Amino acid sequence: MAEYKPPALPAPFNSTNPAPELLTQGAEGHLYKTFSLDPSIPAALKVRPSKPYRHPILDRRLTRQRIIQEARCLAKLVREGVSVPAVLALDWEGQGGDEAGWGGAWLMMEWIDGPVVRVVLEQWEAWMKKNASSLDAAQLEQENARVKALLRRIGKALGGLHKAGVVHGDLTTSNLMLRLPAEDTEAKASPTGVSTQGEVVLIDFGLASQSVQDEDRAVDLYVLERAIGSTHPRSEPFMEELVHGYRESHRGAISTLKRLEDNPVPLSPPSPMTMTECFLPYG
Ligand SMILES: Nc1ncnc2c1ncn2[C@@H]1O[C@H](COP(=O)(O)OP(=O)(O)OP(=O)(O)O)[C@@H](O)[C@H]1O
């Protein structure tokens, strides 16, 4: 199979040394590891390249809106004390790229040094699947307690986001990262070799919107519960911990949880109205 060749980067990233390193290619954007100002300061760079199959004016407008909306959400959340990457720079009129002129939009963010929660849970579950029978009752309880504590921290982080008036719109364990502490003692102490330590950081606000509606908040919770249920079956029985963490995070949590319990949540994309609201300046 031919090796994937990402689109040419917009300036100035087409001439930086070392060159940005492609980490992932998402539905809309490409995520690179690069640096900010000095090579010793790592940064995450999200590039939304132009889409040749879209009408050029529409393409430019949509790409621009998405990157500005994500940057606004992040800036607001940093101000509110929610754990998300800080915005370092952005340009919705990126020059260069494959075509002369418009080269896509980009957003540079603070680099989060740590794994995504999906990888942590996958590694832990894989180890447990193979080796759990070799653990004694106390060790087993300790292992489960670590994952329960992680889920509780995730619930708390999500509650903090909702308290700030933002819903994520695309919550999976791939959009949650753990910021590694200076000294990670857990990986060595656990027979699994997997650490669940670190502050939970929410990422990828490409589909986020402003809302304080219980229904929108309940959708975030529901989507995350579903994602955990389908990708992390061994952690699913501990979902109550996530709910507990969420419940403790803010006063509005109780009615959101009631909404989640009472009604099956409609899984529809955010309404055009909600998306439009997101483009308005944040107060
Ligand atoms: N600030 C960051 N620091 C370190 N790594 C990051 C950061 N942001 C993202 N990543 C890594 O890049 C991956 C992809 O990021 P993200 O989900 O934001 O992009 P995407 O899926 O391309 O976005 P979109 O869904 O908007 O197209 C993450 O799963 C994570 O591994």
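The values are calculated or read from the model by the stated rules, or taken from the named source; none is laboratory data. Just so we're clear, the structure is a prediction, and the values are computed from it rather than from any experiment. When we count neighbours, we look across all protein chains shown, and the Cβ atoms used for this are built from the backbone with ideal geometry, even at glycine. Just the protein is used for accessible areas: all its heavy atoms, side chains included, with ligands, DNA and RNA removed. Shrake-Rupley method; radii C 1.70, N 1.55, O 1.52, S 1.80 Å.
In the set Ser133, Ser174, only one residue is part of a helix (DSSP H, G or I) and within 21 Å of Glu28 (Cα to Cα); that residue is Ser174. Of all residues in segment 4-19, those being of a type in the set (A, V, I, L, M) and free of Cβ contacts under 8 Å to residues at least 24 places away in the same chain number 1. Selection of segment 161-201 for residues being more than 11 Å from the ligand (Cβ to nearest atom) and of a type in the set (Val, Ile, Thr) yields Val166, Val167, Thr185, Thr192, Val194, Thr196, Val200. Taking segment 21-83 as the region of interest, none of the strands (runs of 3 or more DSSP E) fully inside it holds 3 or more residues being surrounded by 17 or more Cβ atoms within 10 Å (Cβ to Cβ) and more than 15 Å from the ligand (Cβ to nearest atom). Looking at Val147, Val167, just one residue is farther than 30 Å from Gln210 by Cβ, open to solvent by less than 20 Å² (accessible area, probe 1.4 Å) and modelled with pLDDT of 95 or more, and that residue is Val147. For Ser195, the conditions (1) more than 21 Å from Leu77 (Cα to Cα); (2) open to solvent by 40 Å² or more (accessible area, probe 1.4 Å); (3) assigned to a loop (DSSP other than H, G, I, E, B) all hold with the exception of (2). Restricting the first member to segment 20-41 and to residues that are under 18 Å from Arg66 (Cα atoms), and the second to residues that are at pLDDT below 85 and assigned to a loop (DSSP other than H, G, I, E, B), the beta-carbon pairs closer than 6 Å and six or more apart or on different chains are His30/Pro6. Just one of the listed residues (Thr276, Thr256) is outside any loop (DSSP other than H, G, I, E, B), at pLDDT below 95 and among the β-branched types (Val, Ile, Thr), namely Thr276.
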